[in-house]
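Note sheet for the following structure.
The values are calculated or read from the model by the stated rules, or taken from the named source; none is laboratory data. Keep in mind it's a predicted model, so treat the numbers as computed, not measured. Backbone-built Cβ (ideal geometry, glycine too); neighbour counts: all protein chains shown. Quick note on the areas: whole protein, heavy atoms, side chains included, nothing else; ligands and nucleic acids left out. Shrake-Rupley method; radii C 1.70, N 1.55, O 1.52, S 1.80 Å.
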Amino acid sequence: MNQFQYVRPSKQQAAIEAVAKDANATFIAGGTNLVDLMKRGVMAPQKLVDINRLPLTRIDHDPGKLRIGALALNSAVADDKQVREHQPLLVQAINAGASAQLRNMATTGGNMLQRTRCPYFYDTAMPCNKREPGTGCGALEGINRMHAIFGFSDKCIAVHPSDMSVALVALDATVLVSGPRGDRRIAFADLHRLPGDTPEKDTTLEPGELITAVEVPDNPFTKHVSYHKVRERASYAFALVSAAAALDLDGSTIKAARLAFGGVAHKPWRLTAAEQFLVGKPATEETFKQAATVAMQGAKAFKHNEYKLRLAPNTLVQALKNATAA
Amino acid sequence: MKPLSKQIGSTLNRVDGHLKVTGAATYSAEYELPGMSYAVLVGSTIAKGRIKSIDARAAEKAPGVLAVITHFNSPKVPGFTPTGKDPSQPQTTGGRLKVFNDDKVRFNDQPIAVVVADTLERARFAARLVKAEYEQEKHETDMAAGLRQAFVPTQAKKNPKSGVADYVRGTADAYKTGAVKLEAEYVIPTEVHHPMELQAIIAHWEAPDRLTIYDKTQGTMATRRDFAKEWGLPEENVKVIATFVGGAFGNALHSWPHESAAIIAARQVKRPVKLVLTREQMTTMVGYRPHTWQKIGMSASPDGKITAITHEATGQTSSYEEFTESTVQQTRMMYTAPNVNTRYRLAALDVSTPIWMRGPGEATGAFALESAMDEMAHLLNLDPLEFRLRNYTDKDPENGKPWSSKFLKECYQMGAERIGWSKRQLKPGSLRDGDWLIGYGMGVGTFGAHRGSSKANVRLLPNGTVVLQSAVTDIGPGTGTAMTQIAADTLGLPPEKIRFEWGNSEFAPAPTQGGSAIVNTVGPAVQEACLALKEKLRTMAGASNAAFASARKEDVVFADKYLTLNGNDTARASYADLLKQTDGGFVTVESKPNGENGQKYSMYSYSVHFAEVRVNPLTGEVRVSKLVSCADAGTIVNQKTAGNQMKGGAVGGIGMALMEATHMDDRFGRYVTKDLADYHVPVQADAPAVEVLFVNQPDPHVNALGTKGIGEIAIIGVAPAIANAVFNATGKRVRELPITPDKLV
């Protein structure tokens, strides 16, 4: 690990300025990902701005929306009565991620901003455009069994690892951001970006911009929801593929649906076409399979992840079945 | 006097359990010595070639750095020689990597430099600053290429009777003309031991010719021998301490480059050096279960009698050291086939040397054989248990000898009943619970009931406590507890009055902990030493007391503060008086295996594992919902620790079956699965409540205790039981482990 400076401001504006002014500074909250990356030499910030003293841990349900502070711990969010009542899909997704110990440290904002687990990104002896632009994508012709089937570029085929974000993108969340040039709101679907020619940029945040909260609007998806995560062991592993499904049912007819995939792209992958397909149709396995076919349009596999072309639609079907039965 | 309850066969808690759960047990990395320094290894980033230059200037200038050692400036190690002929050491040709000895790179992440500093953080920081330039050569890490150039191990060429030489009984490849015929290939990927405790060593030169090392090793004597030889020292000048070992599963059975590096570094900086590997280095520097390709040819008569088996195996090894293991052994002796032949080959690649990993080759081999048994039963439309019973053998078909003991049929019966085998359907995919398919499978394991030579020291303290000492390590099975029980029963003392000390090369010589042989080997030494102590004390007491002089040693009773006699408790000799007559020193006894019995009988432990699995046919997720492991391991010394060992093996088997695999990017010859996020081992949620059953019948021939060994059979046969259950659930036969979702969707 490199030597670095460490500051712990108690005012939000001071924290933002500290990072905005210094290209080699970065925020640290739970540190569950950043510290690993520093130990491995993948990230080497010269200044850590610890934001844990900022008053950003509240979880409030105001009329029409849930507001989760950026520093609310994953475990606190998943355990919160208001979240459980209004956004059960989010609870399932958070609990599918990492381990209880990590969820006790990881924050809401940090979870969204965790970096890819692509092994080429993690190994400084390997090429990786995300870590070191211009060195090439090691995974493109390498061991790419964990990699993207949607939205990739020839510069990067990594996937975003967060489970929580898959639920948030499905639930039309909004990210609240504060920066050197003031506050702004970002639709969750626009927070993460596709790699294109600049895979080193994971998100659309500007330097010094700090996530302060995420808002989730109230919705009718309080019963028929499922986050189904397929991984190589029963717990504590990143997804091969995951699917978030939320249904609003009128008897056995689908009034509305929210769907997203995890583990398939550089960002949590919302499935709006499949959602629209489901509206007005009966909640049957046959319908779900057709929706899954719609969801998979445009998917393309590499040498080692061809299985995802079968696993992803099947996982979506499983999640929809679970949601219907819930 | 109140009779003591018998300790052998009890559920005595671990004698070191309290130390372990309170954090008071000291592991190798946890010793603190005055003037300690800290070492971090720098690994190569190419798989093959030559180091042209190493720029260590920035590292040397970094704060707190004491030395940067490379092959350019390393102190010369007098004797980098191959491992000797110790049967507890792998039979290798070639030799261990001679670290910092030349400019050659033989595998990716080979140590090319070690940075020593006054703190770990400073050493780690400076290690990042070391830059190497290479002259790269074309490497080969692809097993497919290795298979094309597979060769007969040197050991087999030298000795046609070697266990890895070709074997033929009846006609070779007779399966090809059999009535019902099967031919299938099975693959095991490279698996890594990944014990919880990282490999660690503290090297301390107490004088220019006296070395003490606190080391994670399974054998204090073997480690002492290797490093005494490396430095041209008399063995007694090297002291190895390994009191607690936090799991090893085989990867501390060999001496590795990081150990040599720490000793070199301590020599150079003239201070004690602590070196702890990183989790990533555990993948590349301390062995692994070798990637192994196997092919089974099998034929049977329509009534379910096996007529022939051919078992071929090729295991991966390094370019500089031939590592072999007994992958094909179970095929030679498990079933009554008149025609059996085996072929074992090696594939040398530009990787580090593999090492035995729990079960070792036998577990790899059993995946192929026991999967093939299931496939053949399916072809014959027979229940796989019935098929095994039709081919059961009451003597060893490999050599015609009788078994020293064999209760495998009893295991079959007990295990089948507990798992509910009668629910199993012949037709795959017949059972379902909601979205999940259910299947049942079984797999058999066997491992030689090995016994070697061992010594044990014993002495009595004035307070009536008996102290025993052995150089043996306890890597987790509860060796210290088992030896305490054996001593307690032999002496007629409660376990609190026994103090068994282990893990130090200065104690009585004992073999390396491995090959399921420790209770078989050290147990009799402890037993015989206790008997010798009894006899010595009786003779001494007899000098002044006629009742003792005429008594039999079996009648000697250890009371609170004095020795007395069974049936005559007026005869008393106080410990204080007895000890006045001695120098208070140890009685040392050597215990050797009975050579004659070894010649007359074939000695094996057996296990059978029954698995119930649930498979989601949409997503390919597999969950082991029930696992029953039943063992014929002779006398069970401690029901609790033995049960624990069986459960650990079963969970290891779940890992082997469902998730454990490394992936190598052959373009770079570099692994991409180097940490525990990418290399998956089972978590609690993957392990069902494993049910363990013991036949618990003493073997009359291995030793006087009747033990046969448990460590390996706990895992051998588990992976095929799960693979067979997955087939029974889905009709899909996966012949390349692990059975991850991608192989089932």
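Numbers for the structure displayed
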| quantity | calculated |
| --- | --- |
| For A:Thr124, net neighbour charge (Lys/Arg +1, Asp/Glu -1) across residues whose Cβ lies under 10 Å away | +1 |
| Dimensionless Rg ratio for the range A:134-195, taking C-alpha atoms and the 2.2 N^0.38 Å reference | 1.42 |
| Size of electric dipole in the protein assembly as shown: Cβ of Lys, Arg +1 and of Asp, Glu -1, about Cα centre, debye, nearest 20 | 220 debye |
| All aspartates and glutamates inside 18 Å of B:Lys131 as judged from Cα atoms, apart from same-chain residues fewer than 8 positions distant | A:Asp123, A:Glu132, B:Asp55, B:Glu60, B:Asp102, B:Asp103, B:Asp109 |
| For the range B:712-745, residues shielded by at least 10 square angstrom of accessible area compared with the chain on its own, probe 1.4 Å | B:Thr740, B:Pro741, B:Asp742, B:Val745 |
| Tensor-based shape of chain B (alpha-carbon gyration tensor, a/c under 1.5 rounded, otherwise prolate or oblate) | oblate |
| Qualifying lysines (Cα of each under 27 Å from Cα of B:Lys138; at least 8 residues distant if same chain) | A:Lys155, A:Lys303, B:Lys48, B:Lys52, B:Lys98, B:Lys104, B:Lys674 |
| Spin-label model distance (nm) - B:Phe80 vs B:Lys732, 7 Å beyond Cα toward Cβ | 4.7 nm |
| Accessible area that becomes buried as A packs against B, both chains, 1.4 Å probe, Å², nearest 100 | 3200 Å² |
| Computed lengthening from B:Ala689 to B:Lys52, 0.36 nm per intervening residue step minus Cα-Cα distance | 223.8 nm |
| The protein assembly as shown: radius of gyration over Cα atoms, expressed as a fraction of 2.2 N^0.38 Å | 1.01 |
| Listed residue pairs exceeding 28 Å between alpha carbons, taken from B:Lys406/B:Lys626; A:Lys255/A:Lys289; B:Lys295/B:Lys600; B:Lys536/B:Lys708; B:Lys295/B:Lys708 | B:Lys295/B:Lys600; B:Lys536/B:Lys708; B:Lys295/B:Lys708 |
| Portion, in percent, of the accessible area of the range A:126-247 that falls on carbon or sulfur, probe 1.4 Å | 51 percent |
| For the protein assembly as shown, calculated [θ]222 nm from helices alone, where every DSSP H run of n ≥ 4 adds -39500 (n - 2.57) | -7500 deg cm²/dmol |
| For chain A: rounded, prolate or oblate by the Cα gyration tensor [a/c cutoff 1.5] | oblate |
| Environment charge of B:Gly79, counting only residues whose C-beta is closer than 15 Å and scoring Lys/Arg +1, Asp/Glu -1 | +2 |
| Point-charge dipole on Cβ atoms (K/R +1, D/E -1) for chain A, about Cα centre, debye to 20 | 420 debye |
| Simple label model, 7 Å out from Cα along Cβ direction - A:Ser10 to A:Lys201, nm | 3.7 nm |
| Most positive-pole-ward Cα, A:Gly69, A:Tyr120, A:Pro55, against dipole of the range A:45-125 from beta carbon charges | A:Tyr120 |
| The range B:691-745 versus the range A:221-239: alpha-carbon centroid distance in Å | 30 Å |
| Extension gain, B:Gln581 back to B:Ser453 (0.36 nm per residue minus Cα-Cα distance, nm) | 43.0 nm |
| Å² per residue, accessible surface of the protein assembly as shown at 1.4 Å | 37 Å² |
| Listing of the range A:232-249 residues, each with accessible area lower by at least 40 Å² in the full protein assembly than in the chain alone (probe 1.4 Å) | A:Glu232, A:Arg233, A:Ala234 |
| Which of B:Ser454, B:Ala642, B:Val276, positive extreme of dipole for chain B (C-beta unit charges) | B:Ser454 |
| Nearby aspartates and glutamates by direct alpha-carbon distance to B:Lys553 (threshold 20 angstrom, same-chain neighbours under 8 apart not counted) | B:Asp489, B:Glu528, B:Glu535, B:Asp569, B:Asp577, B:Glu590 |
| Cα centroid separation - the range B:365-409 against the range A:91-114, whole Å | 49 Å |
| Rounded to the nearest 20 debye, dipole of the range A:224-325 from Cβ charges on Lys, Arg, Asp, Glu | 380 debye |
| Distant alpha-carbon pairs in the range A:224-325 (separation over 17 angstrom), percent | 46 percent |
| Two-site label geometry, B:Ala25 and B:Arg552: point separation in nm, points 7 Å out along Cα→Cβ | 4.0 nm |
| Cα-based shape type of the range B:652-745, given that a ≥ b ≥ c are square roots of the gyration tensor eigenvalues and the cut on a/c is 1.5 | prolate |
| Flagged links, alpha-carbon separation over 18 Å, of B:Lys592/B:Lys640; A:Lys81/A:Lys267; A:Lys267/A:Lys308 | B:Lys592/B:Lys640; A:Lys81/A:Lys267 |
| Using θ = phi - 60° and Karplus 6.51 cos²θ - 1.76 cosθ + 1.60, couplings along the range A:289-306 (whole Hz; Gly, Pro as x) | 5, 5, 4, 5, 5, 4, 4, 8, 4, x, 6, 8, 9, 10, 4, 9, 10, 4 |
| Exercise: per-residue mean of other protein chain Cβ atoms within 10 Å, A:112-121 | 2 |
| Interface residues in the range B:610-638 - accessible area drops by 30 Å² or more relative to the isolated chain, probe 1.4 Å | B:Leu618, B:Thr619, B:Glu621, B:Arg623 |
| Chain B - percent of accessible surface contributed by carbon and sulfur, probe 1.4 Å | 51 percent |
| For the range A:5-47: span of alpha carbons on each principal axis (Å, largest first) | 30, 20, 13 |
